[in-house]
Amino acid sequence: MELSIIWMYHDLMDLYGDRGNIEVLKYRCKKRGIKLQVDTCGIGEEKDLSAYDILFIGGGADREQGLLYQDLLGRKQAIQKAMNAGTFILLICGGYQFFGQYYIDGDGRQIEGLGFFEYFTKAPDRARRCIGNIAVECSLDGESFLAVGFENHGGQTIGVQTPLGKVIKGHGNQFQSSWEGFYNGQVLGTYMHGPLLPKNPEIADLILRKGLYRRYGKVDLEPLDDALETKARNVMLARMQIQK
Ligand code: GLN
């Protein structure tokens, strides 16, 4: 089997090891004999986004978001076309904010979003941020598990209709909020860096299954030995004083 990923703004949107998500997808494909092609797309580069099975945007600081948002807005139709063609979309933090209505940073500067979803993001000021480890109870496509990550964002995301999960520890979409991220079956947005996928293999495999679905329909993935991943997650859960 074959799979392809378009990694957008790889050179600008890559906070707290977000590129590790790509490494995990590569590793899990290799273990299963799936041929994975990873292409990047920077500002001004011409790429047919709808040709890819998975589209990924990592997190970025306000400066980087300001540098690229016009390029991204210029790709709105191309992203819509990709969604229509069944491309699965993974968005971390700043990338997640872009798919909503707008983002207002801590200095009051507003960046227009792609507006695909109703949510919007606003940072109250420069001083207060949601920082620290986070644990989120997820139930995705019938599979329930506890996801862990690290968050560091000023933006407070309001109006998410379909969150990724329930916050057990940490902040999530807003200060001390009950809910984290966004998931609608095709787009997964989250504040979890860490990066996300190394300690949450359930999410990594969900993304691979979704990507493969676009080409092959329903595919059962061969299980992998996730002992190390589970151990890493358990260390974080213990630090957060959460019983598994
Ligand atoms: N600049 C955004 C914020 O502070 C996103 C940060 C990030 O991607 N970690 O909310």
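You can think of it this way: the chain between residue 239 and residue 220 has 3.5 nm of extra reach, that is 0.36 nm per residue less the Cα-Cα gap. Entry comment: accessible area of region 85-204 is 35 Å² per residue, from protein heavy atoms only and a probe of 1.4 Å. Its relative contact order, with pairs defined as Cα atoms under 8 Å and 6+ residues apart, puts region 190-244 at 31 percent.
Here the contact order of the chain, divided by its residue count and restricted to Cα pairs under 8 Å and six or more residues apart, works out to 19 percent.
Segment residue 39..residue 178, full-extension length gain: 46.5 nm, with 0.36 nm per residue of separation and the alpha-carbon distance subtracted. Taking a Cβ cut-off of under 9 Å around residue 49, the surrounding Lys, Arg, Asp and Glu residues balance to a net charge of +2, with basic ones at +1 and acidic ones at -1.
For the cross-link pairs 81/210; 26/210; 47/81; 35/231, the ones whose C-alpha atoms lie over 19 Å apart are 35/231.
Within the shell defined by Cβ-Cβ distances under 12 Å, the residues around residue 100 carry a net charge of -1, with Lys and Arg each +1 and Asp and Glu each -1. Rounded to the nearest whole angstrom, the semi-axes of the ellipsoid equivalent to region 1-70, taken from the Cα gyration tensor as √(5λ), stand at 24, 15, 6, largest first.
Projecting the alpha carbon convex hull of the chain along each direction and taking the average yields 12.0 nm². Label separation (residue 112 vs residue 230): 5.0 nm, computed from points 7 Å beyond Cα along the C-beta direction. Among the protein heavy atoms of the chain, carbon and sulfur supply 48% of the accessible surface, probe 1.4 Å, non-protein parts ignored. Sparsely packed loop sites in region 114-209 (the trypsin sites (Lys or Arg not before Pro) outside DSSP H, G, I, E and B with at most 16 other Cβ atoms within 10 Å) comprise 126, 128. Spin-label model, residue 209 to residue 75: label points 7 Å out along the Cα-to-beta-carbon direction sit 2.7 nm apart. Please state the shape class of region 32-114: rounded when a/c is under 1.5, otherwise prolate if a/b exceeds b/c and oblate if not, all from the C-alpha gyration tensor. Taking the square roots of the gyration eigenvalues as a ≥ b ≥ c, region 32-114 is prolate. Between region 20-36 and region 135-210, the alpha-carbon centres lie 21 Å apart. If you plug the beta carbon distance of residue 48 and residue 139 into 1/(1 + (r/R0)^6) with R0 = 30 Å, you get a FRET efficiency near 0.30. Only helical runs count toward this figure. For the chain, summing -39,500 (n - 2.57) over DSSP H runs of n ≥ 4 and dividing by all residues gives -8500 deg cm²/dmol at 222 nm.
The values are calculated or read from the model by the stated rules, or taken from the named source; none is laboratory data. In this text the structure is predicted, and so the values were computed from the model without any measurement. Backbone-built Cβ (ideal geometry, glycine too); neighbour counts: all protein chains shown. For the accessible areas, the whole protein counts, side chains as well, though only heavy atoms, and no ligand, DNA or RNA atoms are used. Shrake-Rupley method; radii C 1.70, N 1.55, O 1.52, S 1.80 Å.
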